[in-house]
Structure formats: structure tokens, C-alpha cells
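The values are calculated or read from the model by the stated rules, or taken from the named source; none is laboratory data. Here the structure is a predicted model, which means the values were calculated and not measured. A quick note on method: Cβ atoms are made from the backbone with ideal geometry, for glycine too, and the neighbour counts reach across all protein chains shown.
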Amino acid sequence: MAIIVDKEKKRSDIACSCMDILLQHGIKNLTISQIAKTAGVGKGTIYEYFENKEDIVFEIITMFISVHEKKLFEISKQNISTKDKMFHFFSILYEDENSQKQLNIYREFLAISMTNGTREMIDFNRVCREKFANILNQIIKDGIDKKELRKEAQGLISALITFGLGLVVETHTVSLDAKDEIIRFLDTLFKLIEIKDEK
């Protein structure tokens, strides 16, 4: 009797087994041979489940993003101020050593995308941006509904995502302290968009 393989699970299992070597070696230095060895399969098997190395990297980054999405969703449901939710939204990438390693992979992905990225990389990046924009949109919408924010704050979603992306680059290229920058940015922003109690 033939063994039935769940292709999606196998694909996911291969990607999961390669997370650590991606974090250790980076995208450019990662090879299909390393991936196959780490996953305990032959190189041919890798190509049964992935088109190329980038496809595996997309899968792993998607897994990282899913974990961050889950954390952000939990934060968005907490009974804390909108400003605190937004602080967590921006600072989650900088909270611990593992997040920093994942952030370095994302920086490398962005660098490759900007210099010689494929259509698939550009599309993948757009999908990632939309996921985080949706979470941020919900945080701001909730803030508006709770009368914490002016309704005009909804128009800032794209600019806020761009700030977060700029922070990813700037914290690396000019050694900014991410949390200090986030606090300074949000303090200024909330002076403009927060509804103040007029007593």
C-alpha cells in the first residue's frame, strides 16, 4: 500500500527544521545542500516541495511573521491604551535576541529585494506589508471607537507602516535605539491624533 504524504505538512516540516540554519547563516550563505542535510532529506526531495532556495526562505519568513501576527493580535485585544498597543506593534521586532535574529533575516531579504529582487519577492513583501497594515488598522479603528483618537488617524496607516520599515533600516545603518525612536515618534504623533479630555 502506498504511503500518502501530506505535502503541505512535509513542506512546513522542512521549513521548520531549517529556521535555525537560516538565522545562523543568512539568506545568501544558505545552500540547498545545508537545507537537505538539516531536514534529513535528499536534495531532490527539497525540489519536490520548493521551487528554489528563495521559496524556502519565503516559507520560513512567513512562519516568523505568523508568530508576530499572533502576538500582535493578542496585544490588540488587551485592555491597554491605543498608544501602548502601537508601541508594542513597533517594538515587537526588537524585544529579544531571537526577534533580532529574525529582523536581520528580514533586513537581508529587503536588501536582496531592493538590489536584484524577483517579482515573487516584491509580491511577497507586499503581502507582508498588507498583513501588518491590517493589524495596525484594527488598533487605530479600536482607538477611534474608544474615543481615544481622532478619526483622521485612520489615514495614517500607510505612513505608520513606512515608519516601521524605515526603523528596520535605520536601526541597522545608523545604530538608532529602536525603543527610544518609537517612544519619541509616538509621543509626537499622539499630540496630533489623540483626543484630549477638555475639562
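Side notes on the structure shown:
- Count of the stretch 157-168 residues which are hydrophobic (A, V, I, L, M, F, W, C) and loosely packed, with under 14 Cβ neighbours inside 10 Å: 1
- Filtering the stretch 138-155 to residues that are part of a helix (DSSP H, G or I), in contact with a helix residue (DSSP H, G or I) (Cβ under 8 Å, 6 or more places away or on another chain) and surrounded by fewer than 15 Cβ atoms within 10 Å (Cβ to Cβ) leaves 151, 152, 154.
- Of the criteria (1) in contact with a Lys or Arg (Cβ under 8 Å, 6 or more places away or on another chain); (2) under 26 Å from residue 134 (Cβ atoms), which one residue 68 fails: (1)
- Checked against the criteria, residue 54 counts as of a type outside the set (Val, Ile, Thr) and surrounded by 17 or more Cβ atoms within 10 Å (Cβ to Cβ).
- Annotation: residue 133 fulfils all but one of (1) more than 13 Å from the chain's Cα centre (by Cα); (2) assigned to a helix (DSSP H, G or I); (3) at pLDDT 90 or above; the unmet one is (1).
- Here residue 176 clears all of (1) free of Cβ contacts under 8 Å to residues at least 60 places away in the same chain; (2) in a helix (DSSP H, G or I); (3) surrounded by 10 or more Cβ atoms within 10 Å (Cβ to Cβ); (4) not β-branched (Val, Ile, Thr) except the condition numbered (2).
- Of everything in the stretch 179-199 that is charged (D, E, K, R) and surrounded by 14 or more Cβ atoms within 10 Å (Cβ to Cβ), the residue that is farthest from residue 125 (Cα to Cα) is 194.
- Entry remark, the stretch 100-154: residues being in contact (Cβ under 8 Å) with a residue 24 or more places away in the chain and closer than 16 Å to residue 84 by Cα number 12 in total.
- Close Cβ contacts (under 6 Å, 6 or more residues apart or on different chains) running from residues in the stretch 20-34 that are more than 17 Å from residue 50 (Cα to Cα) to residues that are among the basic types (Lys, Arg) and assigned to a helix (DSSP H, G or I) comprise 23/101.
Yes/no per residue for (1) assigned to a helix (DSSP H, G or I); (2) closer than 20 Å to residue 106 by Cα; (3) touching a helix residue (DSSP H, G or I) at 6+ places or on another chain (Cβ under 8 Å); (4) at pLDDT below 90:
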{"site": "22", "(1), (2), (3), (4)": "yes, yes, yes, no"}
{"site": "33", "(1), (2), (3), (4)": "yes, no, yes, no"}
{"site": "38", "(1), (2), (3), (4)": "yes, no, yes, no"}
{"site": "65", "(1), (2), (3), (4)": "yes, yes, yes, yes"}
{"site": "70", "(1), (2), (3), (4)": "yes, yes, no, no"}
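- Residue satisfying all of: in the stretch 82-130; acidic (Asp, Glu) and assigned to a helix (DSSP H, G or I); surrounded by the most Cβ atoms within 10 Å (Cβ to Cβ) among these: 108
- Filter pass, residue 61 being farther than 30 Å from residue 137 by Cβ, in contact with a helix residue (DSSP H, G or I) (Cβ under 7 Å, 6 or more places away or on another chain), touching a residue at least 12 places away in the same chain (Cβ under 8 Å) and of a type outside the set (Ser, Thr, Tyr): no
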